[in-house]
Amino acid sequence: MWKDKDISIENILKDEVPNHIAIIMDGNGRWAEKRGLSRSNGHREGMERVIEIVKSSVNIGVKHLSLFAFSTENWKRPKKEISAIMNLLVVFIDRQLKRLVENDIKLNIMGDISELPEKSRKAVEIAVKKTNNNKKMILNIALNYGGQNEIVYSIKKIFKDIEKGIITIDEINEKKVYDYLYTKGQPDPDLLIRPSGELRISNFMIYQIAYTEFYFSDVLWPDFVEEEYYKAILDYQKRNRRFGGI
């Protein structure tokens, strides 16, 4: 269990907890604007939900948690807002890296972090390195990420390996492509959660979610507290996943 808090959720079937949960964290700006606050305040509150949901995931036995933090399209936002998000990334790592290590959580980055500000990029690289050998849960953070870009990225890597003679064209199949994605070696998401009332996947993990169960909520991300998270998991546990069968 997460060492600073012991949570017991009686209604959740522990042997049916999703192995991999993906979340599109959306609604920070709208949450702040509704309260007459700056969008930066919304992102700050959203960071608190990240901490809470990571703890909750560890406590119930989730093995893979993927969080959509910053997309390739988010660079279009005002510079002040982007700067606040990047600074919060550094704050999050400063505050939580020790806990990630203590609780055996491995940080994996999805996306091209070379375009991040130097301070943010270095903080991320240090966190990835320090948690590299952790095994209890993998925390995937999507930064400067786009699902279509991920596929293009994987195709380029495949072609390079073909040119080097590492693999042949005949070896390329659906499973082999997974070896070139940011989530290499990980299972597909069982459950994708989208708060904020939007009904789209916003270019997130589009190769990996072919048979993922979706859960949409009207709750904005800063209000997506532990109880809302468990509500999504309980809804998932009522479903019959057939994967194309009967």
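For the reader, a short list of remarks on this structure follows.
- Global form of the range 112-159, assessed from the alpha-carbon gyration tensor, a/c cut-off 1.5: oblate
- Candidates LEU143, LEU37, LEU97, ranked by Gaussian network fluctuation over the chain, Cα under 10 Å, top entry: LEU37
- Span from the the range 100-144 Cα centroid across to the the range 215-246 one, whole angstrom: 26
- P(r) tail fraction, the range 143-246 - alpha-carbon pairs more than 17 Å apart, %: 63
- Accessible solvent surface per residue of the chain, calculated while the other protein chains remain in place, 1.4 angstrom probe, Å²: 53
- Every helix of 4 or more DSSP H residues in the chain counts as -39500 (n - 2.57), and over all residues that averages to -13000 deg cm²/dmol at 222 nm.
- In terms of distances greater than 32 angstrom between alpha carbons, the cross-link table entries LYS14/LYS76; LYS98/LYS160; LYS135/LYS156; LYS136/LYS231; LYS79/LYS122 yield LYS14/LYS76; LYS98/LYS160.
- Solvent-accessible surface (1.4 angstrom probe) belonging to LYS231, in square angstrom, nearest 10: 100
- Listed candidates (i) 1.19; (ii) 1.05; (iii) 0.96 - label of the one calculated as Rg/Rh (Cα atoms, Kirkwood Rh): (iii)
- Just checking the listed ones, ASP104, ASP223, ASP15: in the Gaussian network model of the chain with Cα springs under 10 Å, the one fluctuating most is ASP15.
- Protein heavy-atom surface of the chain, 1.4 angstrom probe: 50% of the accessible area is carbon and sulfur, with nucleic acids and ligands not counted.
The values are calculated or read from the model by the stated rules, or taken from the named source; none is laboratory data. Note that this is a predicted model, so its numbers are computed, not measured. Heads up: the accessible areas ignore ligands, DNA and RNA and are worked out on the full protein's heavy atoms, side chains in. Shrake-Rupley method; radii C 1.70, N 1.55, O 1.52, S 1.80 Å.
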